[in-house]
Amino acid sequence: MKIRICIIAAVFALVAVGSGQALAASPTLDSIKSRGALKCGITTALAGFAFADKRGVWRGFDVDFCRALAAALGVKVKFIPTNAKERFPALQSGEVDVLFRNTTWTLSRDTRLGFDFAGVNYYDGQGFMVRKDSGIKSAKDLDGATVCVNAGTTTELNLGDYFRSNGMKYKAVVYETGTEVRQAYEAGRCDVHTTDASGLAAQRSAMKVPGDHIILPEIISKEPLGPAVRHGDNEWGDIVRWVLNAIIIAEEKGLTQGNVSRMAISTKDPEVQRLLGKTGSVGDDLGLDPDWALKAIRKIGNYGEVFERNIGKKTPLALARGLNQLWSKGGILYAPPVR
Amino acid sequence: MSGEIIGAVPPLEAGPPKMNIGVVGWIRMNLFNTWYNSILTVLSLSLIYYTVTSLLNWGVRLARFTGVKPEDCQGIDGACWPVISDNWAFFMVGTYPYELRWRPLMALLVVVALIMLAVWPRIRRMRLYQLAWLVSPIVIFIIIKGSDTFGLSQVDTRHWGGVMLTVILSVVGIVFAFPIGLMLALGRRSRMPVINILCVGYIEMIRGVPLITVLFMSSIMLPLFFPEGFNLDKVLRAQIGIIMFAAAYQAEVVRGGLQGVDRGQEEAAMALGLSYWQSMVLIVLPQALKIVIPTMVSSAISLLKDTSLVVIIGLFDLLGIANLVLANPIWLGKMFETYVFVAAIYWVMCFSMSRYARRLEIRFSAGDR
Amino acid sequence: MTELTQEQGKVQLISWRNPAVRSVVYQIVSVVLVGFAAYTIFQNTVANLTKRGIASGFSFLNIESGFAISEVMPVPMLEPGFVSFISSIFLGLIAAFVLHKWVTRKGKTVGGDYRLVLLTIFFIFVVPAITYLLTNHIFVTETYSEASSYGLGLVTGVFNTIKMSILGCILATIIGFFVGIARLSSNWLVAKLAETYVEIIRNIPVLLQIFFWYFAVIRTLPMVRESINFFDVFIINNRGIYLPDPTPLPGFHPFLIALFVACVGVYFRLRHVKAVQDLTGRQLPVLFPSIAILIVFPGLVWMGLGAPVELSYPKLTGFNFTGGLNPSPEYAAMLMGLSIYHGSQIAEIVRSGIQAVSTGQKEAARALGLRGGFVMRLVVIPQAMRVIIPPLTSQYLGVTKNSSLGVAIGFPELVSVGGTILNQSGQAIEIIGITMAVYLAASLMISVFMNWYNEKMKLVER
Ligand SMILES: N[C@@H](CCC(=O)N[C@@H](CS)C(=O)NCC(=O)O)C(=O)O
């Protein structure tokens, strides 16, 4: 058994060596390199995840992942804001190279729509928000409510499923952007605002009086949010996947924005050595520089740092790590090994 | 003036009845000549009074004009104009980088200067001046977009917005749609069945569908038509859609002009031995286009209004910027001020153009006589 | 010499200077160019779709949609019987047409022969009616829900577009005629007011006006709990307007029939009056007898059946007002935006139409002793209509096309529903194609009507 695996591995290694650079020939990567910039699709505005600050600089959780990816490639990054309806045509048409945009990994998006998901950077679920003075305490009390929701999302589909299966009636009012949904809800067009729970926290923090609104306890769906790329360019998908994994592994291994440069020289951990390009050829295998992961981590830090800086307890969103804690600490964040 | 003339005419016949002359007479004649006209006048007057006073109260008397902090507008019943003044640059050029805002201003100055110079007929006839008009689009493009050879840093079209984007989309739209529309119109008149069918098909198809579907087509489907890796900019794709759309309408405008020119003209030209193109360019088109210049200006007005649809495909033209400003929680609820301001800008642009069209119309019809 | 000219003649036959040759070459070149472009586009698209594994084809129309549409209504979905129904109508029409041709060829007059009239009626009405009864499944009505297909979603979008356009056209026409006539009012103030309205409204983009009504006016109305309430009958809040909704009770259909009968009665009475006037010059009273017929007969039936309509009033239950008629804010904003904007365009059409009627006509009518209102109604308007109707129809087309702006404020018309389906199913090309085809069909129908109308008007002129 073991011998068989060894033989297969050896064959693969031989093939890899034999074909050399040809292994990582990605049209997307090529065009990014020749352009000198990564085009990263983000939301039009979602506090904590992707928003332009007063000076017009994009900030947020998803934005950081874009920056890390660009750093790993050694290029600049261009942010392309897209609303829920625009995001898929934008990716399909090549207007963006990758979507880091609260996009749920679903079967039909993986197949019919022609995308690949390179992993999950935020495990989420759909929730409901209502006005505090409405007296609603549970999603089961929402029979007959008017609900504001984004067009073209998993959210509007889950909403239908939930009310249907609970035998409740509702009226959906559908808008194109998250901002429109928030404004409509805030103005009283709807009783309920529904989207991913993280999105709800973000939207609430952007309201006039955030304290006037509460998020109901029910989570009605699984929303694994992750980076999406076009189907058919597997090498590019691999790069996105492993940059994301590198950020997660960095937290497992205690690498931070501050210490990663030092660790790159001093570490004795063989996996960290491989990751940071001290030994092995993972960078080469991906078609990147040997210090790709080092550059990515130096840019944004590890997963925990990114989380706390943008959406963690000390920010207006005040999200708990929850599922997005490392597997070793009770969450389900689990990156495959670098080997 | 006219009073003098009337006074100068000796009263040959009995003058008009006393009550019909002077201000009072005019009012009687035009406002209170019958009982229902009197009622209408009173109703209209009260409507005008009500609208004007409430607008003045809201926009001027109770309004707040200065202040930088949005809190300055707290407790104000009238308009909060700082939402405009604070976002002025935003309305004009969108998210164009702050420190580079002198560049669109430069471009504007170039255009204004060229237009001002046109006042002197001497300059208007100078070759250099005409050349300047011809190269001005390129210069303006370089100023706004930037170019490494001239040491101007590139500004991505995603940062083009506001009035600037609206004007660019409409002007470029009209300028490019015109020659295409011209060819389509000639094609539609052509006796060659294939060319005729192709042109009629294109014109009728585009005119049969709403602009928004054309924009969707150019922004969503167009990229699928090209080989992988070939990428058109989002603004450019919208611009292509606008040109495709406007061309079909221009074609109909030109066709109207061609119909106004007697076929005999063309036949006479042909009989003189001119080729088709010669007779078109030298004889028919000059006459046809002259007839339709006013119509062309009004179709330019329509196009200017229609460019506002690009907000739906996510561009930030003037209307898009209005929505962007309103999405900022700081300016929550300042819808009236923002939309009224934006409407005023559109109105000034469109109204002045329509006045211009009317002047041309009068001038041309006078010239025909 | 002669040989030479012959030579030249031969050369010219296939030379570039020969217009016929040139024409053929031009056409071939353009076909090749267009064909090549179409082929390249097709190739690229197919390559892109297959490479990325994007689904294509129209089978997605049967997939369950899963999302809600905020405004739904029962829409007809065609059944197999529809084909036979439509073909029977066509066959009937063709048969009637052939019959007419055949009869007129024999030199008989068409109008006089009552057997011909009966046969025509038989072919045009009775044959389809029989088919209808035999097939009994021409269409079924279905109401969209999350469990319905994408296809039904699209049809619902089409019907929302229609619902928007029809009312929009009616209101725009009313506003347009009102303002257009006001612009020509002898009252200076009224004329100026109308002109101001037109000049302001038509120089502002319609989308901006829709945004204004939606975000700046309707959005800022009071919330549900602070609704403006007129005796629980008429309620306004930022979720729309609530009106009492008349629900028909069992006796409603007989009442409708009575109303119909009354209308037919009035029609025949009018014809009779006209015939008498043509024959004898005597004018029989029109207005009061007509009103009497229209009110008294149906009114008696109404009372006899015990007022077969129930008004359901809006009531505050739970979150919202329920019951009653409730146009949504999105619908209301679209309606206001479209009818006010196109109203200003129609006003201009009406004004120039009326001005096109020469003053001579009006003076002649007055000289014949017609008074103000009659001059307008009997002489000016009928003639002006001939000028007005063609541009008016293109305004109607404009209203229909601009109803697609509903996508910007969440009104679920065709483009908006299509956009959502596009995103959920990923089939952009198919969706955009269907959308364009629907609009194209609508404009084709309207231009066919226009051509027919223009033809008819030409005949009248002679
Ligand atoms: N996860 C869902 C919903 C994603 C989504 O669009 N969420 C909204 C609300 S959180 C959003 O990001 N809006 C921002 C925008 O429209 O730019 C999906 O993938 O379909």
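The values are calculated or read from the model by the stated rules, or taken from the named source; none is laboratory data. Quick caveat, the model's predicted, so the values are computed rather than measured. Cβ atoms come from the backbone with ideal geometry, glycine included; neighbour counts cover every protein chain shown. Quick note on the areas: whole protein, heavy atoms, side chains included, nothing else; ligands and nucleic acids left out. Shrake-Rupley method; radii C 1.70, N 1.55, O 1.52, S 1.80 Å.
Within the protein assembly as shown, what whole-number % of the accessible surface is contributed by carbon and sulfur, with the 1.4 Å probe and all protein chains included in the calculation? Write down the numbers at each step before the final one.
Numbers: 40210 of 59220 Å².
So the carbon and sulfur contribution to the accessible surface is 68 percent.
Round to the nearest 10 and report in Å² the accessible area of A:Glu176, as given by a 1.4 Å probe over the protein chains' heavy atoms.
So the heavy atoms of A:Glu176 present about 30 Å² to solvent.
Between chains A and C, what is the buried accessible area summed over both chains (1.4 Å probe, protein heavy atoms, nearest 100 Å²)? Walk me through the intermediate numbers first.
Details: alone 15760 and 29330 Å², together 41860 Å².
Protein heavy atoms only, the A-C interface buries about 3200 Å².
Once Lys and Arg get +1 and Asp and Glu get -1 on their Cβ, which of C:Leu270, C:Met73, A:Thr28 lies farthest toward the positive end of the dipole of the protein assembly as shown?
Checked the options; the winner is C:Leu270.
Between B:Ser38 and C:Arg282, what is the FRET efficiency for a Förster distance of 56 Å, r being their Cβ-Cβ separation, to the nearest 0.05? Walk me through the numbers on the way to the answer.
Details: r = 37 Å, r/R0 = 0.67.
Working from the Cβ atoms, E equals 0.90.
Just want the answer: with Cβ charges of +1 for Lys and Arg and -1 for Asp and Glu, which residue in A:Met207, A:Gly258, A:Pro227 is farthest toward the dipole's positive end in segment A:163-297?
A:Met207
Roughly how many Å² is the accessible area per residue of segment A:126-221, as a whole number, for a 1.4 Å probe?
On the way: 3120 Å² over 96 residues.
Counting only protein heavy atoms, the per-residue value for segment A:126-221 is 32 Å².
Leaving out ligands, DNA and RNA but keeping every protein chain, what accessible area does C:Ile94 have, in Å² rounded to the nearest 10, with a 1.4 Å probe?
Around 90 Å² of this residue is reachable by solvent.
Distance in nm between label sites at B:Arg191 and B:Arg124, each 7 Å beyond Cα in the beta-carbon direction?
Simple spin-label model gives 4.0 nm for this pair.
Among all cysteines in chain B, which have no other cysteine Cβ under 4.7 Å from their own Cβ?
So, B:Cys199, B:Cys350.
Segment B:187-227: which trypsin sites (Lys or Arg not before Pro) are DSSP loop and have at most 13 other beta-carbon atoms within 10 angstrom?
Details: sites: B:Arg188, B:Arg189, B:Arg191, B:Arg207; in loops: B:Arg191.
Filter output for segment B:187-227: B:Arg191.
Determine the relative contact order of chain C: mean sequence separation of Cα pairs under 8 Å and six or more apart, normalised by residue count, in whole percent. Mind showing how you got there, number by number?
Numbers: 488 pairs, mean separation 88.7, N = 462.
Reported relative contact order: 19 percent.
Taking only protein heavy atoms and a 1.4 Å probe, what accessible area per residue, in Å², does segment C:269-308 have with all protein chains in place?
That works out to 75 Å² per residue.
Can you give me the Cα centroid spacing of segment C:278-311 and segment B:85-119 in angstrom?
68
What accessible area per residue comes out for chain B, rounded to a whole number of Å², with a 1.4 Å probe? Present the calculation step by step, with values, prior to reporting the outcome.
Details: 20340 Å² over 369 residues.
About 55 Å² of surface per residue is accessible.
Does chain B come out rounded, prolate or oblate by the C-alpha gyration tensor, with a ≥ b ≥ c the root eigenvalues, rounded set by a/c under 1.5 and, if not, prolate when a/b is larger than b/c and oblate if not? Mind dumping the intermediate values first?
Details: a/c = 1.87, a/b = 1.08, b/c = 1.72.
In terms of gyration-tensor shape, oblate.
Estimate the FRET efficiency between C:Asn62 and C:Phe36 by the formula 1/(1 + (r/R0)^6), using the beta-carbon distance for r and 45 Å for R0, to the nearest 0.05. List each step's numbers first, then the result.
Working: r = 36 Å, r/R0 = 0.79.
Efficiency at R0 = 45 Å is approximately 0.80.
Quick one: ranking B:Thr213, B:Thr66 by accessible area, 1.4 Å probe, largest first, what do you get?
On the way: B:Thr213 5, B:Thr66 100 Å².
Highest to lowest solvent-accessible surface, that is B:Thr66, B:Thr213.
List the pairs from A:Lys33/A:Lys295; A:Lys54/A:Lys76; C:Lys163/C:Lys401 whose alpha-carbon separation is above 19 Å, in the order I gave them.
Numbers: A:Lys33/A:Lys295 16 Å; A:Lys54/A:Lys76 21 Å; C:Lys163/C:Lys401 13 Å.
Too far apart for the 19 Å limit: A:Lys54/A:Lys76.
What total accessible area, in Å², is buried where chains A and B meet, using a 1.4 Å probe and rounding to the nearest 100?
Numbers: alone 15760 and 23240 Å², together 37700 Å².
Answer for the A-B pair: about 1300 Å² buried.
Working with all protein chains in place, sort C:His272, C:His100, C:His342 by solvent-accessible area computed with a 1.4 Å probe, largest first. Please report the intermediate quantities before stating the final value.
Numbers: C:His272 100, C:His100 60, C:His342 10 Å².
Reading off the accessible areas and sorting them downward yields C:His272, C:His100, C:His342.
DSSP beta bridges in the protein assembly as shown, what fraction antiparallel, as a percent rounded to 5? Write down the numbers at each step before the final one.
Working: 40 of 60 bridges.
Just about 65 percent of them are antiparallel.
Which three lengths, in whole Å and largest first, does segment C:248-312 cover when its Cα atoms are put on their principal axes?
Reported extents, whole Å, longest axis first: 50, 19, 16.
Using helices alone, I'd like the mean residue ellipticity at 222 nm for the protein assembly as shown: each DSSP H run of four-plus residues gives -39500 (n - 2.57), total over residue count, nearest 500.
Working: 46 runs with 673 residues, N = 1170.
One gets -18500 deg cm²/dmol as the mean residue ellipticity at 222 nm.
How many nm is it between the label spots at C:Ile166 and C:Gln361, if each spot is 7 Å from the Cα in line with the beta carbon?
3.2
For segment C:383-407, state which residues have at least 20 Å² less accessible area in the presence of all protein chains than in their chain by itself, taking the probe as 1.4 Å and leaving out ligands, DNA and RNA.
C:Lys401, C:Ser404, C:Leu405, C:Val407
Between the chain alone and the structure with every protein chain in place, find the residues of segment C:174-191 that drop at least 20 Å² of accessible area; heavy atoms, 1.4 Å probe.
SASA drop of 20 Å² or more in segment C:174-191: C:Ser186, C:Asn187, C:Trp188, C:Leu189, C:Val190.
Arrange the peptides A:139-152, A:88-101 so that the one whose residues have, on average, the most other Cβ atoms within 10 Å appears first. Show your work: numbers first, answer last.
On the way: A:139-152: 21.5, A:88-101: 25.2.
So the peptides A:139-152, A:88-101, ranked by packing, come out A:88-101, A:139-152.
When the dipole is taken about the Cα centre of the protein assembly as shown, and only Lys, Arg (+1) and Asp, Glu (-1) are charged at their Cβ, what size is it in debye, to the nearest 20? Numbers along the way, then the final one.
Working: 105 positive and 79 negative charges, 444 e Å.
Charge dipole, the protein assembly as shown, about its Cα centre: 2140 debye, nearest 20.
Using the Cα centre of segment A:126-221 as the reference point, and only Cβ charges (+1 on K/R, -1 on D/E), how large is the resulting charge dipole? Debye, rounded to the nearest 20.
Values: 11 positive and 12 negative charges, 38 e Å.
Taking the Cα centre of segment A:126-221 as origin, the dipole is about 180 debye.
What's the center-to-center distance, using Cα atoms, between segment A:52-78 and segment B:47-68 in Å?
Centre-to-centre distance over Cα atoms comes out at 45 Å.
What does the net charge come to around C:Gly57 if you take all other residues with beta carbon closer than 14 Å to its beta carbon, with K and R at +1 and D and E at -1? Please report the intermediate quantities before stating the final value.
Values: positive: A:Arg112; negative: C:Glu430.
Result for the local shell: 0.
Ballpark to the nearest 100 Å², how much total accessible area do C and B bury together, probe 1.4 Å? Mind dumping the intermediate values first?
On the way: alone 29330 and 23240 Å², together 47930 Å².
In total, chains C and B hide about 4600 Å² from solvent.
Once you've got the Cα coordinates, tell me which of A:Lys140/A:Lys208; A:Lys253/A:Lys329; A:Lys78/A:Lys314; A:Lys222/A:Lys314 are over 19 Å apart.
Details: A:Lys140/A:Lys208 27 Å; A:Lys253/A:Lys329 13 Å; A:Lys78/A:Lys314 28 Å; A:Lys222/A:Lys314 26 Å.
From the list (A:Lys140/A:Lys208; A:Lys253/A:Lys329; A:Lys78/A:Lys314; A:Lys222/A:Lys314), the Cα-Cα distance tops 19 Å for A:Lys140/A:Lys208; A:Lys78/A:Lys314; A:Lys222/A:Lys314.
List the residues of segment C:39-58 whose accessible area drops by at least 50 Å² when all protein chains are present, compared with their chain alone, using a 1.4 Å probe and counting only protein heavy atoms.
With the partner chains in place, segment C:39-58 has these residues losing at least 50 Å²: C:Asn44, C:Asn48, C:Lys51, C:Arg52, C:Ile54.
So, taking all protein chains as they sit and a 1.4 Å probe, how much accessible area belongs to B:Trp102, in Å² rounded to tens?
130
What number comes out for the charge environment of B:Tyr96, summing +1 per Lys or Arg and -1 per Asp or Glu over other residues with Cβ under 15 Å away?
With Lys, Arg at +1 and Asp, Glu at -1, the neighbours total +2.
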